[in-house]
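Below: the structure, in structure tokens.
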Amino acid sequence: MCNTVLSTELVSKSFGGLAAVDNITLQFQKGCVHAIIGPNGAGKTTFINLLSGEQAATSGKIIFQGQDITYLPAHKVSQLGIGRSYQQTNIFPNFSCWKNIWLAAQSRQKSSMRFFKPASNYIEVSRSAKRALDLSGLAKFSEIPASEMSYGQQRQLEIAMLLAMQPRVLLLDEPIAGMSSSESIIVIELIKRLARDHCIVLIEHDMDAVFAVADILTVMNNGRILATGLPHEIKNNSEVVNAYLGEEGMEPISG
């Protein structure tokens, strides 16, 4: 059963006189992939920035597990358990796959002025990194430098780095963009596996991928919600088709 872990209440973000996000009320649940789609400039990435704490809302509330996080900075939001990926890969190319994941796990440890830290801290870091490595399907690439991994594998690595930080919510911003069809299939299956134990909020322009992985979709246009529903409901929504999906209900219209 899906339980709400993250929600927004009339959240807005304005830049001068422009409302990039306009009174968005949504609930995001554990065990579900909630895709946010819409034309370019619809406000999707700005909305994700509000959820991750990278930008502050102009008004409204963001609630995570009963706590108001509306105005918390990004590093605090991350520490609470909301992980975020970006449209561009954010990895250390000269480090091995394992080292990238280990460093991500280590970053979750509380900072200390002590030069020496308990060995148990590093044991737990390695355990977290190993879990993330296995869950992401990258175990056989453990010692390969990130720079030698394919683009699709690098995107998997970025997700693995998020997992090493033990998030409850994953905010994935176009994780499939630029991939080959075979790479897309691997990442789609990874997202499906992760959704069993996480709340996943997904921005993606590949409509085939969206309808293959999403449990629920929200369509944004001009900063507002145009529709929210199950995949078949969104495909058959005439307003959505006219504004975004196109005549066949699958291909996005550029905006």
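Every read-out reported here was derived from the displayed coordinates using simple, explicitly stated rules and does not represent laboratory data. Keep in mind that this is a model prediction, so the values were computed, not measured.
With 29 Å as the limit on Cα-Cα distance, the pairs of Lys44/Lys130; Lys140/Lys192; Lys76/Lys130; Lys13/Lys99; Lys13/Lys76 that go past it are Lys44/Lys130; Lys13/Lys99.
Here the Karplus curve 6.51 cos²θ - 1.76 cosθ + 1.60, taken at θ = phi - 60°, turns the phi angles of segment 199-205 into couplings of 9, 10, 10, 10, 9, 7, 9 Hz, with x standing for Gly and Pro.
Given the rule -39500 (n - 2.57) for each run of at least 4 DSSP H residues, summed and divided by the residues of the chain, what is its mean residue ellipticity at 222 nm, to the nearest 500 deg cm²/dmol?
Values: 8 runs with 82 residues, N = 255.
Helix-only estimate at 222 nm: -9500 deg cm²/dmol.
Each principal axis of segment 133-255 carries a Cα extent, and these read 50, 28, 23 Å when sorted largest first.
Over 32 Å, how big is the tail of the calculated P(r) for the chain, in percent of all Cα pairs? Numbers along the way, then the final one.
On the way: 7234 of 32385 pairs.
The share of Cα pairs beyond 32 Å in the chain comes to 22 percent.
In whole percent, what relative contact order does the chain give with Cα contacts below 8 Å and a gap of six or more residues? Computed value for the chain: 27 percent relative contact order.
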